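Colleague: First, the structure itself, so that you have it in front of you.
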Amino acid sequence: QVQLVESGGGLVQPGGSLRLSCAASGIAFLFYDMNWYRQAPGKQRELVAAISAGGRGNTADSVKGRFTISRDNAKNTVYLQMNSLKAEDTAVYYCNLRQGNIDYWGQGTQVTVSL
């Protein structure tokens, strides 16, 4: 079965950086677009970044210029490099893969930006 496992979250000060990883298994990873979402307390889950199977990435306006999405098909892994972090980036971050009508999600990794 499809499994997505995120890692790399943690506590970081404003202005700091983190790199999130999401390792996929049980699927031919290289054929699928991959997404990163986040959900802050009391807010809806929002799309942060997406990368096509061909490697073209896009980011939400709220993180543009600060976050970069990338993938390594040899490792079945998608990354989210987060720089210049702000308090409002605090959230649980989830990776997502959509196969037809089915959405697969990882367990999430907590990112907290605070002094």
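Colleague: May I ask you to list the residues in region 28-39 that are over 12 Å from residue 96 (Cα atoms) and in contact with an Asp or Glu (Cβ under 8 Å, 6 or more places away or on another chain)?
Modeller: 39
Colleague: Here's something else I'd like to know. Look at region 15-44 and say how many of its residues are among the basic types (Lys, Arg) and either under 14 Å from residue 85 (Cβ atoms) or buried (at least 16 other Cβ atoms within 10 Å of the Cβ) (or both).
Modeller: So the answer is 2.
Colleague: So, residue 104, is that one over 14 Å from the mean Cα position of the chain (by Cα), modelled with pLDDT of 95 or more and surrounded by 15 or more Cβ atoms within 10 Å (Cβ to Cβ) or not?
Modeller: The answer is no for residue 104.
Colleague: Let me ask something additional. Select from region 56-66 the residues that are under 20 Å from residue 98 (Cβ atoms) and either among the aromatic types (Phe, Trp, Tyr) or surrounded by 12 or more Cβ atoms within 10 Å (Cβ to Cβ) (or both) and list them in ascending order. If you could, list the steps in order and put the result at the bottom.
Modeller: Going through region 56-66, the residues under 20 Å from residue 98 (Cβ atoms) turn out to be 56-60.
Listed by number, the residues that qualify are 57, 58, 59, 60.
Colleague: Also, I was wondering about something else. Scan 75, 64, 43 and give me the residue that is basic (Lys, Arg) and more than 17 Å from residue 89 (Cβ to Cβ).
Modeller: Going through 75, 64, 43 in turn, just one is basic (Lys, Arg) and more than 17 Å from residue 89 (Cβ to Cβ): 75.
Colleague: Just the residues that are open to solvent by less than 40 Å² (accessible area, probe 1.4 Å) and hydroxyl-bearing (Ser, Thr, Tyr), please, taken from region 78-89.
Modeller: 79
The values are calculated or read from the model by the stated rules, or taken from the named source; none is laboratory data. Being a predicted model, the structure only gives us computed values, none of them experimental. Here the Cβ is made from the backbone with ideal geometry for all residues, glycine too, and neighbour counts use every protein chain on show. Ligands, DNA and RNA are stripped out before the accessible areas are found, and what is left, the full protein with its side chains, is counted by its heavy atoms. Shrake-Rupley method; radii C 1.70, N 1.55, O 1.52, S 1.80 Å.
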